[in-house]
Amino acid sequence: MAPSLDLFLKILYYAYPTLVFAYYVVCYAFATCTLQTPPSKEQHPRRRLMTSLMLVAILTYLSQALLIIFSPSPVRQDAIVGLLACVLVFGLELAILHDTKSPLWYIYLGSYAIALVFDPLLELSSLHLNPGAYSKSVYFVDVSLVSIRLICIITALLTYFAWRDGRGAQEAGTDAERQSLIRKKALGGSEDTLISEYGATDTNSDDSAKSSSKSPECEWERRQRLAKEQRDKRLKETGSWWTYALGFKLFVPYVWPVNNRGLQIRAALVGICLLANNGLNVLIPTQLGTVMDTLTKSYQGDDVPASLWDSPWIQVLIFAGLKLSASEAGISLLRRRLWMPVEFYADRAITEAAHSHVMNLDANFHDTQSLSDVLVAIQNGQSISNMLETICFEALPNLIDLVVAFIYLTFKFGPYEGLITISTSIVFLYISTTVIARLRSARETEISAYFEEHYVLQSGISGWTTVSSFNQVQYEENRYSSAVQDRISKQKVVWVGYYAAHAFQYLVLLGGLLAGSVDFKGVNFSYDNKKQVLKNVNFSVDPGQTIAFVGQTGAGKSTILKLLDRFYDVTEGAIEIDGQDILMNNIRYARLEATDEEVYEACRAAAIHDQILGFAEGYNTRVGERGMKLSGGELQRVAIARAILKQPKIVLLDEATSAIDTETEFQIQHALRRLCKGRTTFIVAHRLSTIVNADRIVVVMNGEISEEGNHETLISAGGKYAELWSKQIFVKPKEPNMDAEGNTGDENSLKSTKVTTKSNVNGVVTEDEGSTENGVKQAEVKTPSGHKKEV
């Protein structure tokens, strides 16, 4: 394939969703600013059919992407990203269309008109530039999906234009001859509330709704309605939101220090601080990678750095400086200190201006307006400056971070990471805006209840003389109590909505959490680039399985766990967790918060709680550096307690019970079973009795996997595992200067019952009949090779 043609196809895949999204955003913003409204408030008669066709078209994009991903031929990255981006863009448009009662159809149909141009062009270009890249069946399915999509789009466009004219003719027939001669009583209304549809003038449904309203309009609601009517009138006079927004420039002198050069310089420095914080968000993780690289080189023997800049100490100091600058004691503190006089200026200017404005109004205003509402309005004048601070200090920095993250991740890790970033952000913002928009009416009701409560409070206190004269104190108390209860009940609705919004937001962000699947693909590793510790290790682990590694000392068992923790990077191959290479994703599992009771429970499960209470100061006892005052067994139990407290998805146990006695091990084994339940678990153990219940046992010999399977399968195979099992369960009598391997076997995992055990290990047939109760000596069994049962 010619490089220029390949570049052309790549540009088409990336430009397609970008152009559709840009068209939608520009048209939507233009329609909103120019106050465009649909010619009719009624829904399109075939709206459900059109949205269904759009949904089918979106599903064809997704199906086409999955077809390319799972095809045996090489995958074009630009094709996958382009198709998935189309799913995101058209899916977002369809979701917004579903929530819009009276949409402007040209905004949505125009996007699909663009698809009529790009889809055939992309398909023909791909077939021409990649002949023979896929099998005939894949080509057939791919072309079929594109054809179905084009048919759906054309049908949706024709449906809109065909039924739009029919709907207009139907509306033209709405005249006096089609109206009822008998008036109908409004739903829930009285005999006086009647609706007449007779005559050539349409009935205003809004008026009928208002007339049937049961609750009277409070003062705040009345003022809000009048303000909305005035705003709509001004919008129609100005003709656009932009012109209307320019009318608010009168607030600029109150939020921006026009005549104070010193405050302006402070505001400019605040802007520089914000940009610096955005830069630190990129520099800190980059510098962390530099620190790890220099430390790795130093560990590998490069004792003398090429320059002072390559020294690990210098890089660590730079990292510490960046972290300090990004902390609350760094640039953030400087920004707040610089902004404080500007904030106080805006608060003072707006409050004084509001007070001066009210004081200079005529008597008609003071006679007709509620004193309580006026006071609240003056006191809440600072909400304007608070809104600007939210935009400048939260919204804009987050938007800049999003753009920088998208660009950095795309160029650093490829378009897949960029697509994931932008997709997560768009879904996050859509869910947030949708939930908050649905809370608008609840929020207005809450504000109305707040003003009503404040009015009852102010009127009762200011009219205390009248209240006391008529002995109505109890009435005012009940009245205020009802107002408070009403405000709280409506506030609960808003808070529950906000909590739901936050929950949905974090569900989106946590959607990529690990399930716990692990894949080793051709992993090779060497500590010193000389001796290979691991050689072409390949295995896969499903979520929730328990995997045990056994083998001789130095075989590479613990190295596998160190690579999983990313203490080292693999020399060749890849380790993937849930399909993501840990070389590019340093993932950690941890619990950030825990109560004291949870800590106690974790320690009880690890059989260390009683020992800690036996210390002089209990849980407040100080221990030496790295816990050197604790014994080896106590240190291991503390580590197990930490693991139980973290509740991770993946558990790594490297000789977790090697330094404890048999009785304590029995307690900890029970705790570990509870910890590992439903979690992907890797175990390295020399005491084979601790891993007999593992789902799979992997035998590692000289850095390679020699055999794997469960306990029964490996025993029956009679291989290396069976030999190790035989040595630990049946050991020869010790001779001088001879250390029997496996002398730490135990029978904790066996049940207290009378059993008969037979095994055939390397030609040695053994039988064992007797009690297997922990701590009870079993009947001595000898074998033809002179072994005896270990007790």
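General observations
- Any hit, the range 70-83, residues being in a helix (DSSP H, G or I) and of a type in the set (S, T, N, Q): yes
For every residue, the table says whether it meets (1) part of a helix (DSSP H, G or I); (2) closer than 28 Å to S135 by Cβ; (3) modelled with pLDDT of 80 or more; (4) assigned by TED's automatic domain parsing to the domain that holds H98.
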| site | (1), (2), (3), (4) |
| --- | --- |
| I11 | yes, yes, yes, yes |
| A31 | yes, no, yes, yes |
| P39 | no, no, no, yes |
| M54 | yes, no, yes, yes |
| I68 | yes, yes, yes, yes |
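- Conditions (1) surrounded by fewer than 16 Cβ atoms within 10 Å (Cβ to Cβ); (2) modelled with pLDDT of 85 or more; number of the one not met by H357: (2)
- Pairs where the first residue, in the range 689-714, is without any contact (Cβ under 8 Å) to a residue 40 or more places away in the chain and the second is surrounded by 21 or more Cβ atoms within 10 Å (Cβ to Cβ) and assigned to a helix (DSSP H, G or I), C-beta under 6 Å, 6+ apart: L714/Y721
- Of all residue pairs spaced 6 or more apart or on separate chains, those with beta-carbon atoms under 9 Å, a first member in the range 221-233 that is not assigned by TED's automatic domain parsing to the domain that holds A442 and a second member that is modelled with pLDDT under 70 are R223/D373; R225/E217; R231/Y244.
- Listed here are the helices (runs of 4 or more DSSP H) enclosed by the range 410-493 that have at least 2 residues being of a type outside the set (G, A, S), in contact (Cβ under 8 Å) with a residue 12 or more places away in the chain and surrounded by 15 or more Cβ atoms within 10 Å (Cβ to Cβ): 415-438, 440-462.
- Number of positions in the range 687-712 that are assigned to a loop (DSSP other than H, G, I, E, B), farther than 21 Å from V638 by Cα and either modelled with pLDDT under 75 or not β-branched (V, I, T) (or both): 6
- When S63, S102, S111 are checked against the criterion of being assigned by TED's automatic domain parsing to the domain that holds R149, within 28 Å of L429 (Cα to Cα) and at pLDDT 90 or above, S63 stands alone in meeting it.
Okay, residues lined up against (1) exposed (fewer than 11 other Cβ atoms within 10 Å of the Cβ); (2) at pLDDT below 75:
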{"site": "A329", "(1), (2)": "yes, no"}
{"site": "R348", "(1), (2)": "no, no"}
{"site": "E352", "(1), (2)": "no, no"}
{"site": "N380", "(1), (2)": "no, yes"}
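- Residue check for M340: over 37 Å from the mean Cα position of the chain (by Cα) and modelled with pLDDT of 85 or more: no
- From the list L250, L263, the one residue that fits, being modelled with pLDDT of 75 or more, on the phi < 0 side of the Ramachandran plot and in a helix (DSSP H, G or I), is L263.
- In the range 84-108, residue surrounded by the most Cβ atoms within 10 Å (Cβ to Cβ) [restricted to those that are more than 32 Å from the chain's Cα centre (by Cα) and part of a helix (DSSP H, G or I)]: W105
The values are calculated or read from the model by the stated rules, or taken from the named source; none is laboratory data. Note that the structure is predicted; figures quoted are calculated from it, not measured. FYI the Cβ positions are ideal-geometry reconstructions off the backbone, even for glycines, and counts take in every protein chain you see.
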